[in-house]
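A quick write-up on the structure given underneath.
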Amino acid sequence: MAPALPTPALSAQSVSRLGISALGRPLDLNYPSNRLALYGAGGAVLLGLVLRRSWRQALGIGGAAFLGWATARELDPDYPDTAAVALGLAGAASVIASFERPEQAQAVLPGFAALSSVRLLIGTVGPAPTLPDAAALSVQGGLAAFAGIRSAALMPAAALGLSRGQHDALSPEGSWTLAALGGGLLPWRRAERHRRSIVGDVLSLAALGLGTRLTALETPISDCDHAPRKVAAARLRSGRALGLGALALGVLRGEADALIPLAAAALGTGLRRLRNERAD
């Protein structure tokens, strides 16, 4: 994942025909922010092990920290510092959650579904989604449902539907919304929940408290990775609203611990906008 570079004048559909996925953003280590993400995630794993978490929990902590960073790069593409804040928030919150709920699976599966959903809706990569992209997103929703996290499982269907409703060059061809909705509603047994995670609820509620600032219209200046245009303001706003909706549902359903990466990214973005407002 890297700052966009000038690209030839290709349409979203032309880029799609070249085989570039709308979901993939390689981690280019030539950029300091990307190296920070890798080192930060590795440090989160080591911290988990130092605190005597199991290897599975430690890897989950590192994965949550990285997903917080990556999701923030989607929600706030102009500001790499927001991603650094989200990485720290997600890592610290995941460590605390591992003590609160040792039996609870980490937030990796729902975190990937949330990341891919906002990435496709905001359109940071550039090409219009292909059928394989829509299918992959639907599978991620099904896996989140399998993990028992309905709030994340429904995000792919919402992202596809909202993207189609934009009626622009990035609107997906055909309708995979119903297929993604079916995957998100698969009747898997809900994950066993003994008690709520306080840190997950606090992080989500803090992000929701900044919701009006987060969703206020903002015109990004970042280029798409593989298209000669800027990230669209309307799509960025929709992606942020989608994230807040998932967090609200997660709090209501007691799933906030599984949405820590998304909450960290949303909170980091809201805090950045609040800071900018006060600076002005």
**Prompt:** Of all accessible surface on the range 136-236 at a 1.4 Å probe, what whole percent is carbon and sulfur?
**Reply:** 65
**Message:** Restricting to Cα atoms and excluding each atom paired with itself, what does the Kirkwood estimate give for the range 122-247 in Å?
**Reply:** 15.8
**Prompt:** Once phi is turned into ³J(HN,Hα) by the Karplus curve 6.51 cos²θ - 1.76 cosθ + 1.60 with θ = phi - 60°, what whole-Hz value does each residue of the range 250-267 show in order, with x for glycine and proline?
**Reply:** x, 5, 4, 8, x, 10, 4, 5, 8, 10, 4, x, 5, 4, 4, 5, 5, 5
**Message:** Given R₀ = 25 Å, what would the calculated FRET efficiency be for residue 167 paired with residue 202, taking r from the Cβ atoms and rounding to 0.05?
**Reply:** 0.05
**Prompt:** Across every pair of different alpha-carbon atoms, what Kirkwood hydrodynamic radius in Å does the range 218-280 reach?
**Reply:** 13.3
**Request:** Scan around residue 130 for amide H atoms under 5 Å from its own, H built in the peptide plane at 1.01 Å from N, and keep only partners 5 or more places away or cross-chain.
**Result:** 22
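Among 29-35, 108-114, how do they line up from the highest to the lowest mean number of other beta-carbon atoms within 10 Å? It would help to have the intermediate numbers written out before the result.
Details: 29-35: 13.6, 108-114: 27.3.
Top to bottom by mean Cβ count within 10 Å: 108-114, 29-35.
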**Share of carbon and sulfur in the accessible heavy-atom surface of the range 47-130 [1.4 Å probe, %]** = 68
**Message:** For the range 28-61 and the range 91-159, what is the centre-to-centre distance using only Cα atoms, to the nearest Å?
**Reply:** 19
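Percent of alpha carbon pairs in the chain separated by more than 24 Å?
Cα-Cα pairs in the chain separated by more than 24 Å: 45 percent.
When ligands, DNA and RNA are left out and all protein chains stay put, how many square angstrom of accessible area per residue does the chain have with a 1.4 Å probe?
Details: 12060 Å² over 280 residues.
On a per-residue basis, the chain sits at 43 Å².
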**Asked** Can you give the FRET efficiency for residue 185 and residue 30, using 1/(1 + (r/R0)^6), R0 = 35 Å, r = Cβ-Cβ distance, to the nearest 0.05?
**Response** 0.25
**Message:** List residues of the range 127-167, by number, whose backbone nitrogen lies under 15 Å from a label position 7 Å along Cα→C-beta of residue 241.
**Reply:** 158-167
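The values are calculated or read from the model by the stated rules, or taken from the named source; none is laboratory data. This one's a predicted model, so the numbers in the text were calculated from it and none came from an experiment. Positions of Cβ are backbone-derived with ideal geometry, glycine not excepted, and every protein chain shown enters the neighbour counts. Accessible surface areas use protein heavy atoms only, side chains included; no ligands, DNA or RNA. Shrake-Rupley method; radii C 1.70, N 1.55, O 1.52, S 1.80 Å.
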